[in-house]
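The values are calculated or read from the model by the stated rules, or taken from the named source; none is laboratory data. Since this is a predicted model, take the numbers as computed values, not measurements. Here Cβ is always computed from backbone atoms with ideal geometry, including for glycine, and neighbour counts include all displayed protein chains. Remember, those area values only see protein heavy atoms, side chains included, never the ligands or the DNA or RNA. Shrake-Rupley method; radii C 1.70, N 1.55, O 1.52, S 1.80 Å.
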Number of protein chains: 2
Amino acid sequence: MRIALDAMGTDEAPASEVAGAVAAVEADPDVHVVLVGDERRVSAALKRFPRQNRVTVVHAPDRIMASDTPTSALRRPRSSINVGLRLQKTGEADAFVSAGSTGAVMAASVVLLRPLRGVDRPPVATVFPTDHGLTLVADIGANIECKPRQLVEFARLGAIYMQDLQGIERPRVGLLNVGTESEKGTEVLQEAYRLLAGSDLNFVGNVEGGDILRHACDVAVCDGFTGNILLKFYESVAAFVVRKLAPDLRRNGLREEIQDRLRDLDYAEHGGAPLLGVNGVSVICHGRSSPRAIQAGIGVAARAVRSGLVAHMARDLAAAREGRL
Amino acid sequence: MRIALDAMGTDEAPASEVAGAVAAVEADPDVHVVLVGDERRVSAALKRFPRQNRVTVVHAPDRIMASDTPTSALRRPRSSINVGLRLQKTGEADAFVSAGSTGAVMAASVVLLRPLRGVDRPPVATVFPTDHGLTLVADIGANIECKPRQLVEFARLGAIYMQDLQGIERPRVGLLNVGTESEKGTEVLQEAYRLLAGSDLNFVGNVEGGDILRHACDVAVCDGFTGNILLKFYESVAAFVVRKLAPDLRRNGLREEIQDRLRDLDYAEHGGAPLLGVNGVSVICHGRSSPRAIQAGIGVAARAVRSGLVAHMARDLAAAREGRL
């Protein structure tokens with residue numbers, strides 16, 4: 001399979017992307033990575049690695065910066081995000097991975113790949129490492145305010161994702177709320193609770209902020225505002241804990257060992273954030289992605305392609321629409 | 001000063017409360033704690049400590065449970081929450097501390113103590129231990145949805161709290177949002193940004209989820225939904241990290257040392273959650289409060305009384321109302 005990788009996304013572009021791509025094809029003989037970006041710079045970075053047939057380059061001279069507006073990639077057809085997504089549209093690639101501006105990748109993915117029928121506003125999701133496995137949180141920022149129906153869509157898409165990519169049979173869906181009782185939270189959440197409880201999904205009820213790390217559910221549903229605040233807070237925890245424990249760890253020569261173990265808390269290491277519910281695969285990685293995180297993002301995209309995630313979502317949405325679930 | 005302490009709040013009531021009260025009066029010769037609860041049970045628990053003149057008991061036979069409705073304390077005049085708050089109303093106590101049902105303590109406090117003039121909906125706040133000090137987060141659950149004006153009130157009340165209780169000269173106020181630019185977030189947040197930027201407060205702009213532990217502000221303002229999710233998530237982090245690191249720590253005999261250091265992450269150890277903007281002092285502690293956490297809650301109440309926090313808030317609100325700021 002061919003995965004288009006935006007080579008101009010990370011702060012260290014294209015070095016992180018190139019190293020991540022090389023590692024990904026070495027780890028998976030089915031994967032071919034198409035690096036999309038400034039051809040000269042990308043090829044120069046590639047020279048540092050042994051020649052690898054399954055890494056190729058497609059030229060895209062324009063780079064979208066974090067300071068650009070979300071619609072910029074759409075308005076700039078020669079940007080690496082636009083070129084990369086169009087490779088998928090034309091069938092030259094099966095998936096797209098980018099560590100570029102989240103807003104720009106989201107907007108361009110929705111417009112160029114199109115939402116699946118039955119999806120109002122595609123959410124971005126990501127996994128939180130917890131006690132006993134991963135919990136997918138959706139949405140983490142694409143939709144700041146949500147209607148009850150949208151939250152149900154997030155639940156459905158998230159459940160299929162965890163089924164196909166993590167092999168979880170009937171993913172437990174929780175609604176992130178300020179209490180477990182059905183009447184808790186805003187009217188939107190009360191109505192979402194009612195809809196989820198009446199759906200075919202394996203709804204376990206409301207979950208609270210403290211339930212996530214205890215792995216109370218496989219999919220935690222929330223609006224993009226709440227998810228974004230929570231994700232960024234979580235991202236800051238590992239480094240904070242290391243700073244907090246630094247004196248003890250230094251004294252006992254444990255710093256690196258502990259840092260290594262806490263690296264598992266880094267969601268980037270688990271493959272970035274897929275945009276769910278579009279007619280294609282688009283995975284958004286952190287702007288500070290290491291080669292390892294880029295490789296993980298490619299790995300998620302490859303698993304999504306291999307499992308037929310998009311077709312599965314389309315089937316499930318159609319069945320839900322027709323009341324067959 | 002006299003602090004009324006709900007003796008029937010914690011899961012271990014009245015044992016935790018009694019031990020916390022005794023520790024508090026031993027630590028502060030100005031403090032007299034009035035234990036409010038089932039007289040026989042409280043007196044029995046007190047017998048385990050050396051006689052202490054500055055700990056007395058007021059009988060309140062009714063206990064509000066976590067499963068009771070928020071208005072239950074108001075409807076049950078002989079409940080420890082109701083009796084304790086009325087002691088403050090009649091001048092027999094200067095402050096009230098409870099580890100009982102958060103909803104019940106909030107509702108009863110607002111009705112019995114009354115909001116200060118200029119306060120629409122009193123927020124509950126609590127401090128998050130961060131890298132370089134404490135960040136007060138307000139609201140953490142009293143007001144699930146907020147108007148822009150309310151968020152500005154939370155900012156004002158929170159700033160005075162951090163000034164009086166933590167000695168911070170001009171507390172930096174941040175608005176919790178999904179990005180730093182003024183146009184980020186919901187319309188409510190955009191308008192709150194505009195109001196805060198035009199106020200006399202030391203507004204540092206939007207802060208993101210990852211900025212809190214980096215101590216980007218002294219007061220982080222948000223609606224009670226977001227604050228509640230974040231607080232409960234934060235509460236779950238220390239235990240999660242300890243579980244995560246358990247193998248390394250056990251091997252190196254470091255478990256207790258690390259656990260001890262992470263205890264500082266427990267907001268309860270810093271004194272629970274004050275209800276801000278009412279005409280009195282009401283501090284809500286966690287239902288699982290240890291005697292140490294109860295003592296910390298009493299300590300916060302004592303500092304609030306000593307600093308004249310309520311009068312300061314009333315003065316500042318009047319000045320803001322009259323455009324004198």
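Summary of values
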quantity: Members of segment B:171-212 found to be of a type in the set (S, T, N, Q) and either within 14 Å of chain A (Cβ to nearest Cβ) or in contact with a Gly (Cβ under 7 Å, 6 or more places away or on another chain) (or both), listed by number; calculated: B:N177, B:T180, B:T186, B:Q190, B:N206
quantity: Where a residue in segment A:166-189 is without any contact (Cβ under 8 Å) to a residue 12 or more places away in the chain and its partner, wherever it lies, is part of a loop (DSSP other than H, G, I, E, B), with Cβ under 8 Å and at least six apart; calculated: A:T186/B:I144; A:T186/B:E145
quantity: Tabulated pairs, segment A:144-157, first away from chain B (no Cβ under 14 Å), second open to solvent by 30 Å² or more (accessible area, probe 1.4 Å) and among the acidic types (D, E), C-beta under 6 angstrom, 6+ apart or interchain; calculated: A:P148/A:E191; A:Q150/A:D120
quantity: Hits in segment A:168-194 (condition: under 21 Å from A:L213 (Cβ atoms) and either small (G, A, S) or surrounded by fewer than 16 Cβ atoms within 10 Å (Cβ to Cβ) (or both)); calculated: A:G174, A:G179, A:T180, A:G185
quantity: Hey, A:N228 among the polar types (S, T, N, Q), free of Cβ contacts under 8 Å to residues at least 40 places away in the same chain and more than 17 Å from A:I168 (Cβ to Cβ) or not; calculated: no
quantity: All positions within segment A:76-101 that are assigned to a loop (DSSP other than H, G, I, E, B) and among the small types (G, A, S); calculated: A:G91, A:A93, A:A99, A:G100, A:S101
quantity: Residue among B:A108, B:A155, B:A104, B:A73 that is within 24 Å of B:T186 (Cβ to Cβ), of a type in the set (G, A, S) and assigned to a helix (DSSP H, G or I); calculated: B:A155
quantity: Matching residues, segment B:1-17, being charged (D, E, K, R), open to solvent by less than 10 Å² (accessible area, probe 1.4 Å) and in a strand (DSSP E or B); calculated: B:D6
quantity: Evaluation of A:G280 against (1) in a helix (DSSP H, G or I); (2) surrounded by 17 or more Cβ atoms within 10 Å (Cβ to Cβ); (3) of a type outside the set (D, E); (4) away from every other protein chain (no Cβ under 11 Å) (one fails), failing number; calculated: (1)
quantity: Residues located in segment B:57-70, provided they are more than 18 Å from B:G287 (Cβ to Cβ) and either assigned to a helix (DSSP H, G or I) or open to solvent by 70 Å² or more (accessible area, probe 1.4 Å) (or both); calculated: B:H59
quantity: Filter result (within 13 Å of chain A (Cβ to nearest Cβ), under 13 Å from B:T226 (Cβ atoms) and not in a loop (DSSP other than H, G, I, E, B)) within segment B:129-143; calculated: B:V137
quantity: Matching residues in segment B:219-256 - criterion: being over 19 Å from A:D260 (Cβ atoms), within 7 Å of another protein chain (Cβ to nearest Cβ) and among the β-branched types (V, I, T); calculated: B:T226, B:I229
quantity: Number of the condition not met by B:D264 [criteria: (1) in a helix (DSSP H, G or I); (2) within 11 Å of another protein chain (Cβ to nearest Cβ); (3) open to solvent by 50 Å² or more (accessible area, probe 1.4 Å); (4) without any contact (Cβ under 8 Å) to a residue 24 or more places away in the chain]; calculated: (4)
quantity: Complete set of residues in segment A:113-167 that are β-branched (V, I, T), over 15 Å from the mean Cα position of the chain (by Cα) and closer than 19 Å to A:A311 by Cβ; calculated: A:V119
quantity: Subset of segment B:291-323 that is open to solvent by 40 Å² or more (accessible area, probe 1.4 Å) and either among the aromatic types (F, W, Y) or not in a helix (DSSP H, G or I) (or both) - its residue that is modelled with the lowest pLDDT; calculated: B:G323
quantity: Set A:R255, A:R303: member being within 23 Å of A:V105 (Cβ to Cβ), touching a residue at least 12 places away in the same chain (Cβ under 8 Å) and of a type in the set (K, R); calculated: A:R303
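Residue by residue, here is whether (1) surrounded by fewer than 21 Cβ atoms within 10 Å (Cβ to Cβ); (2) within 30 Å of B:A238 (Cα to Cα); (3) out of contact with any Leu (no Cβ under 9 Å at 6 or more places or on another chain); (4) at pLDDT 95 or above holds:
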residue	(1), (2), (3), (4)
B:E92	yes, no, yes, yes
B:S98	no, yes, no, yes
B:T102	no, yes, yes, no
B:S109	no, no, no, yes
B:P115	yes, no, yes, yes
B:D131	yes, yes, no, no
B:T135	no, yes, no, yes
B:K147	yes, no, yes, yes
